[in-house]
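In what follows, a structure is listed as structure tokens, so that the remarks can point back to it.
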Amino acid sequence: MIKKEPTSASALLAYDKTHVWHPYTSMSAPLPSYLVESAHGVHINLASGESLIDGMSSWWSVLHGYNHPKLNAALIEQSQRMSHVMFGGLTHSSAITLCEKLVSLTPAGLDKVFLSDSGSVAVEVAMKMALQYQQAKSNTPAEHIKTKLMTVRNGYHGDTFAAMSVCDPVTGMHQIFEHVLMKNIFAPAPSCKFGDVWQPSDVKALTELFEHHHHELAAFIIEPIVQGTGGMRFYHPEYLKACRQLCSQYDVLLIVDEIATGFGRTGKLFACEWASISPDILCLGKTLTGGYMTLAATLCTSEVAQTISNGEAGCFMHGPTFMGNALACAVANASIDLLFENNWQHQVHSIEQQLQVSLLPLKAHARVNDTRVLGSIGAIECLQAVNVAVIQKRFVELGVWIRPFGKLIYIIPPLVITKEQIINLVDAMATVLNEDSCFLP
Ligand SMILES: *Cc1c(COP(=O)(O)O)cnc(C)c1O
């Protein structure tokens, strides 16, 4: 029997608390959730009446704000033709146009596009491509095929199994799943910071690991320039250049995970551009649809695609049900068009300038270890971890939506945010820094 749906805000929240999983959350002692009524521009409107300035872009995915007329129109228009058709044996202009845009905008050489549902899946696809490529390429017995991945510590590439196996082994989920995860190889995290003088010694350990392990490495995977979930750490472009050089030298594929950095976030359209490199395989997600729908893409070179296709399997073995979803492709096309119409470089540059003026000086605060800004990302690394439930409540009271994790209080706002709204966000951050209850002892 279907019960009557809960309707009042308190009934909805009560049901949510007892039956609905939220990300990384306990079902027995869940953190509070806030009920959202609507969202418009850079504002998230709660059912309880507060209108919050969004500093998170809904986990770094929103670019042009919520409820954007052009993005809405793209969805409506597409839905009136079809929302989805299977991609096996069928194709459509929204997907083709999107792939054409992605090939032309991403670094040179990435000519083939595989569309999928989410960032983690795009990473799975990238890893499978690398493994199938090495298998197809090798004439050696099965036990000598390159089957491992290498990455750096502090990374994050998603929550599915293959993706987890290249997430940071300490802060990632390795302890829980150790017995079932692929065993991959970890280099130290890049330590030379973006903007500092390059220290070639920063790639010494990495170079040695390539020397020792290249015969078993299918691919090397890394987030370009920004280690996001690992703590918004910005590293030196020379490090990424060295990754490209070592991969080429040792015949290891380079997978660059631009899921968080793609589409302007760091001040370049793709963070690879900071190092003027092209990877063999590139993952995109998050901002791909301007934060409207789930969609991801894995691009690869013709060489990777041809080798896989000429191999024993004769094809690439992956095909999600919702591959090439027409609604998602239509809104992605509209979002990419808006980036250029809105002059994204100017938008990101003015966010960066405002963050430099208002956020960087918080470094002087006694509770702060470091502050850093790159493109539309501003982060405060505290000396203590935050008390999420308390700090979240305070931010809502202060009229902003900021969700810190660990010692990191950061913002990555939609590109359409105004200077005044950035100041509001940073003021709220400065306010909570003064409140002991927002931090764990
Ligand atoms: C968020 C993220 C992912 C995972 O994307 P989902 O859509 O959450 O599966 C992978 N890599 C990076 C760098 C990310 O920031």
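The criterion of being over 17 Å from the mean Cα position of the chain (by Cα), open to solvent by less than 10 Å² (accessible area, probe 1.4 Å) and of a type in the set (A, V, I, L, M) holds for residue 219. The condition (being at pLDDT 95 or above, open to solvent by 40 Å² or more (accessible area, probe 1.4 Å) and over 30 Å from residue 138 (Cα atoms)) is satisfied by just one residue among 353, 306, 347: 353. Kindly evaluate residue 313 against the criterion of being assigned to a loop (DSSP other than H, G, I, E, B) and within 11 Å of the ligand (Cβ to nearest atom). In short, no. For region 161-172, the candidate set comprises residues that are open to solvent by 50 Å² or more (accessible area, probe 1.4 Å) and within 16 Å of the ligand (Cβ to nearest atom); within that set, the residue that is nearest to residue 259 (Cα to Cα) is 161.
Yes/no per residue for (1) open to solvent by 30 Å² or more (accessible area, probe 1.4 Å); (2) away from the ligand (no atom under 16 Å from the Cβ); (3) modelled with pLDDT under 95; (4) not β-branched (Val, Ile, Thr):
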{"residue": "30", "(1), (2), (3), (4)": "yes, yes, yes, yes"}
{"residue": "36", "(1), (2), (3), (4)": "yes, yes, no, no"}
{"residue": "56", "(1), (2), (3), (4)": "no, no, no, yes"}
{"residue": "72", "(1), (2), (3), (4)": "yes, yes, no, yes"}
{"residue": "81", "(1), (2), (3), (4)": "yes, yes, no, yes"}
{"residue": "90", "(1), (2), (3), (4)": "yes, yes, no, yes"}
{"residue": "120", "(1), (2), (3), (4)": "no, no, no, yes"}
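So in region 122-146, with the set limited to residues that are open to solvent by 50 Å² or more (accessible area, probe 1.4 Å) and at pLDDT below 95, which one is nearest to the ligand (Cβ to nearest atom)? Checked region 122-146; the qualifying residue nearest to the ligand (Cβ to nearest atom) is 135. If a residue must be open to solvent by less than 30 Å² (accessible area, probe 1.4 Å), under 18 Å from residue 216 (Cβ atoms) and either of a type in the set (Gly, Ala, Ser) or assigned to a strand (DSSP E or B) (or both), how many such residues does region 235-262 contain? The total comes to 3. Residues in region 390-408 that are touching a helix residue (DSSP H, G or I) at 6+ places or on another chain (Cβ under 8 Å) and hydrophobic (A, V, I, L, M, F, W, C): 390, 391, 395, 398, 400, 401, 402, 405. Inspect region 173-193 for any residue being at pLDDT below 95, within 14 Å of the ligand (Cβ to nearest atom) and either part of a helix (DSSP H, G or I) or open to solvent by 20 Å² or more (accessible area, probe 1.4 Å) (or both) and give the result as yes or no. Checked against the condition, which is being at pLDDT below 95, within 14 Å of the ligand (Cβ to nearest atom) and either part of a helix (DSSP H, G or I) or open to solvent by 20 Å² or more (accessible area, probe 1.4 Å) (or both), region 173-193 yields at least one hit.
Every condition in (1) open to solvent by 30 Å² or more (accessible area, probe 1.4 Å); (2) within 27 Å of residue 403 (Cα to Cα); (3) in contact with a Lys or Arg (Cβ under 7 Å, 6 or more places away or on another chain) holds for residue 227 except the one numbered (1).
Step by step: first the residues of region 384-429, then only those that are of a type in the set (Gly, Ala, Ser) and in contact with a strand residue (DSSP E or B) (Cβ under 9 Å, 6 or more places away or on another chain), then the one that is surrounded by the most Cβ atoms within 10 Å (Cβ to Cβ). Which residue is that? Going through the qualifying residues, I end up with 428. In the set 297, 334, 330, which member is in the same structural domain as residue 233 (by TED's automatic domain parsing), within 16 Å of the ligand (Cβ to nearest atom) and buried (at least 22 other Cβ atoms within 10 Å of the Cβ)? Step by step, each of 297, 334, 330 is checked, and only 297 is in the same structural domain as residue 233 (by TED's automatic domain parsing), within 16 Å of the ligand (Cβ to nearest atom) and buried (at least 22 other Cβ atoms within 10 Å of the Cβ). Looking at residue 156, is it aromatic (Phe, Trp, Tyr) and within 12 Å of the ligand (Cβ to nearest atom)? When the stated conditions are applied, residue 156 passes them.
Figure legend. Inter-residue proximity from region 387-401: first residues closer than 17 Å to residue 45 by Cβ and touching a residue at least 40 places away in the same chain (Cβ under 8 Å), second residues in a helix (DSSP H, G or I) and among the aromatic types (Phe, Trp, Tyr), beta-carbon distance below 7 Å, spacing 6+ or different chains. Indicated pairs: 401/395.
Whether a residue is part of a helix (DSSP H, G or I), under 14 Å from the mean Cα position of the chain (by Cα) and within 16 Å of the ligand (Cβ to nearest atom) was assessed, and residue 287 passes this test.
Yes/no matrix, rows are residues, columns are (1) of a type in the set (Phe, Trp, Tyr); (2) within 19 Å of residue 260 (Cβ to Cβ); (3) in contact (Cβ under 8 Å) with a residue 12 or more places away in the chain:
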residue: 346; (1), (2), (3): no, no, no
residue: 371; (1), (2), (3): no, no, yes
residue: 379; (1), (2), (3): no, yes, yes
residue: 382; (1), (2), (3): no, no, yes
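The values are calculated or read from the model by the stated rules, or taken from the named source; none is laboratory data. Just so it is clear, the model here is predicted, and its values are computed rather than measured. Please note: Cβ atoms are built from the backbone with ideal geometry, for glycine as well, and neighbour counts cover all protein chains shown. For the accessible areas, the whole protein counts, side chains as well, though only heavy atoms, and no ligand, DNA or RNA atoms are used. Shrake-Rupley method; radii C 1.70, N 1.55, O 1.52, S 1.80 Å.
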